[in-house]
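Q: Dropping a structure here in structure tokens format, bear with me for questions.
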Amino acid sequence: MPANSKNMQNKISAFHALVRGRVQGVGFRYSAVREADRLQINGWVRNCIDGNVEVWAEGPEAHLSLFLEWLNYGPQFSRVDSVRKEIKEPKGYGSFTVEH
């Protein structure tokens with residue numbers, strides 16, 4: 001594998017996302033923590049007052065892509081209507097947590 005290809009896989013990126021649908025009261029945040037941990041994603045997830053869920057995620061681009069895919073369907077009892085994502089600069093989080 002060329003050296004620049006390996007660097008692309010390890011490049012840390014970030015996104016901020018707003019997940020809309022039936023995403024509160026269905027274990028979405030804690031399922032997101034488990035998925036983020038599995039994918040080695042850092043950042044946070046929190047409920048919004050309007051019933052949506054907000055996510056900050058950072059990690060290798062390939063892992064973020066898989067995490068975004070997961071956010072589009074969420075855990076078993078959720079219903080994701082849309083995910084709005086904005087690319088951001090990583091802040092250097094060391095883990096993935098539930099914010100309150």
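Derivation of every value follows stated rules applied to the coordinates shown; laboratory data play no part. Please read all numbers here as calculations on a predicted model, not as lab measurements. Note: ideal-geometry Cβ built from the backbone for every residue, glycine included; neighbour counts use all protein chains shown.
Q: Looking at the chain, send over the antiparallel percent of its DSSP beta bridges, to the nearest 5.
A: Taking every DSSP beta bridge within the chain, about 90 percent pair in antiparallel fashion.
Q: Quote the FRET efficiency, to the nearest 0.05, computed for ARG20 versus LEU66 with a Förster distance R0 of 22 Å and r equal to the Cβ-Cβ distance.
A: Between ARG20 and LEU66 the formula returns 0.60.
Q: Here are several values of percent of Cα pairs over 23 Å apart: (i) 21; (ii) 55; (iii) 37. Which one was derived from the coordinates shown?
A: (i)
Q: Round to the nearest 10 and give me the degree value, 0 to 90, for the angle of helix 61-71's Cα axis relative to the longest principal axis of the chain.
A: 10
Q: Scan around THR97 for amide H atoms under 5 Å from its own, H built in the peptide plane at 1.01 Å from N, and keep only partners 5 or more places away or cross-chain.
A: HN-HN under 5 Å from THR97: GLY43, TRP44, VAL45.
Q: So, in nm, how far is label TYR73 from label VAL98 when the simple model puts each one 7 Å beyond its Cα toward the Cβ?
A: Between TYR73 and VAL98, the simple spin-label model gives 2.3 nm.
Q: With an 8 Å Cα cut-off and a minimum separation of 6 or more residues, compute the relative contact order for the range 20-100 in percent.
A: Answer for the range 20-100 is 44 percent.
Q: Follow-up question, since we're still on this one. Can you tell me the orientation of helix 28-39 relative to the chain, as the angle in degrees between its alpha-carbon axis and the longest Cα principal axis, to the nearest 10?
A: 10
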